[in-house]
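Visitor: Input: one structure, supplied below.
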Amino acid sequence: MATLQQVESVYAELVRLRRRFHRHPELAFEEEHTAASIVEELDRLGVHHDYPGKGGAVIGRLHRDPGRTPVFALRAEMDALPGAENTDLPFASSIEGKMHACGHDAHMAMVLGAAALLQQSPPDCQVLFVFQPAEERGGGARVVIRSGALAGADAIFGGHVTHHYRVGQIMVADGVITAQSDRFRIHIQGRGGHGARPHEATDAVVITGLLITAVQTLVSREINPVYPSVVTIGTVRAGSAPNVIAEGAILEGSIRSTLPEVRTHLHHGLERMAKALGELHNADIDVAIEEGYPPVVNTRDETRIAYEAARHVVGEQGLMAMDHPSMGSEDFSYFLHELPGCYVRFGARPQEQEYIPLHSPAFDIDEEVLKVGAAFFDEVVREAARQHSD
């Protein structure tokens, strides 16, 4: 069992790795430099690995013996986000328009730290270190699944840094952790005209405004308040000049839900409202809904394993409960469709800093969280092996 004190021996290396990843962010399916850095570190540790090249995952493998033993996987994400960094860090992004605003740089360092600890004192099991591409966009978890890398694995564990908690706190919960996410695109086709002669036109901007207002009632008046759900219209594009009645408009947004029946109702409700407004105002309205990541649903036994591991690392006082599921989404959900597992959250807010949300250009972490994450991933494997043997 690795305590936070024992992780001190690898902490300097974890900081170096995290800063190296942070300085060289790469977007989804472009993670060549990042993958090369991971491969280099696994080579240094003497951990066998596979990497098919750009767009693929790096899979490290720690084998206890060639016989059949339980196999547990630890997952980290390699991709960064588009956006201009605003942290003033000495190791800030060196690539314009890209940054690690979601903490994936920390996750990679944590799992590599666990690899170092587990290599030093191998557990009674086999371990897969999964560094996947494209979590932010593209569902890179499916690349790992299609590759067959997880065939025979008994469980998978992952985690995410957050400013909702401070360093030394780990949130572990059973059941639904994140929401289902779907995206939609609405095309309103009216009839353009001169601003002075509105009776000759069908104004797409007016219809857009009515639809935006109507959609807000989907959640507030049609969904039971105890079921978390969100409908957001994020972009609106319409019009070409102040004195021209817009012929068309395009709206794009997202739907977040945690229950299948609520999701279905929101989808049908959006289509129903669009159709009704089209008929009311003599316009053609098309709604296209794109399925996003499913909810992350932690399994009971693996949550118990993660709970015990977290308790060993941060103590009872560091264990945090979840008041309600996050309405964010995570492609770790695809792994949990294939095998049991648990997804936790690591407190990473610096003591002197106010809350900064993920994906913010100012997002940063207290690097002490690297110790917590590495110790947790080391211990969760050992705890899983112990419970498996029992």
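Visitor: Take each complete run of DSSP H in the chain, measure how far its Cα atoms stretch along the helix's own axis, and keep only those covering 15 Å or more with mean Kyte-Doolittle hydropathy at least -0.5; list them.
Guide: 32-45, 104-120, 204-222, 369-389
Visitor: Could I ask something else about it? Extent of the chain along each principal axis, from alpha carbon coordinates, in Å, largest to smallest?
Guide: 79, 43, 42
Visitor: If you don't mind, another one. Fewest to most neighbouring Cβ within 10 Å: what's the order for ASP378, ASP43?
Guide: Result, fewest neighbours first: ASP43, ASP378.
Visitor: Oh, and also: Work out from phi, with θ = phi - 60° and the Karplus expression 6.51 cos²θ - 1.76 cosθ + 1.60, the ³J(HN,Hα) of each residue of the stretch 330-341, listed in order in whole Hz, and give x for Gly and Pro.
Guide: In residue order, the calculated couplings are 7, 7, 4, 4, 5, 4, 6, 7, 9, 7, x, x Hz.
Visitor: Where does each of PHE91, PHE377 land when they are ranked from fewest to most other beta-carbon atoms within 10 angstrom?
Guide: Fewest-to-most ranking of PHE91, PHE377: PHE91, PHE377.
Visitor: What is the stretch 180-291's relative contact order, in percent, from Cα pairs under 8 angstrom and six or more apart in sequence?
Guide: Worked out over the stretch 180-291, it gives 42 percent.
Visitor: If you don't mind, there's one more thing I want to ask. What range in the chain is the longest one free of GluC sites (Glu not before Pro) that are in a loop by DSSP and have at most 14 other Cβ atoms within 10 angstrom? Could the numbers behind the result be given before it?
Guide: Working: sites that count: GLU96, GLU352, GLU354.
Longest gap between qualifying sites, sites excluded: 97-351.
Visitor: Given the -39500 (n - 2.57) contribution per DSSP H run of 4+ residues, what per-residue ellipticity at 222 nm results for the chain, rounded to the nearest 500 deg cm²/dmol?
Guide: So the calculated ellipticity at 222 nm is -11500 deg cm²/dmol.
Visitor: Could you please report the charge total around PHE335, scoring K, R as +1 and D, E as -1 over all other residues with beta-carbon less than 15 angstrom from its beta-carbon?
Guide: -4
Visitor: Just to confirm my numbers, what's the Cα centroid distance between the stretch 251-270 and the stretch 343-390 in Å?
Guide: 31 Å
Visitor: Can you grab the distance from the C-alpha centre of the stretch 134-183 to the C-alpha centre of the stretch 23-56, Å, no decimals?
Guide: The two parts, judged by their Cα centres, are 19 Å apart.
Visitor: Roughly how compact is the stretch 180-291, stated as its Cα Rg over 2.2 N^0.38 Å to two decimals?
Guide: Dividing the Cα Rg of the stretch 180-291 by 2.2 N^0.38 Å gives 1.13.
Visitor: Near GLY193, within a Cβ-to-Cβ distance under 15 Å, what is the net charge of the other residues, with Lys and Arg +1 and Asp and Glu -1?
Guide: -1
Visitor: If you don't mind, there's one more thing I want to ask. Using Cα-Cα distances under 8 Å and only pairs 6 or more residues apart, what relative contact order does the chain have, in percent?
Guide: Value for the chain: 25 percent.
Visitor: Let me check I've understood the local charge: for ASP79, count other residues with C-beta under 10 angstrom from its C-beta, Lys and Arg +1, Asp and Glu -1. What total comes out?
Guide: On the way: positive: LYS98, ARG137; negative: GLU26, GLU30, GLU31, GLU77, GLU135, GLU136.
The answer is -4.
Visitor: Please sort by residue number the trypsin sites (Lys or Arg not before Pro) in the stretch 130-197 whose DSSP state is loop and whose Cβ has at most 14 other Cβ atoms within 10 Å.
Guide: Qualifying residues, ordered by number: ARG137.
FYI, it's all coordinate maths here, none of it is from the lab. Predicted, not measured: the structure shown is a model, and the values here were computed from it. Backbone-built Cβ (ideal geometry, glycine too); neighbour counts: all protein chains shown.
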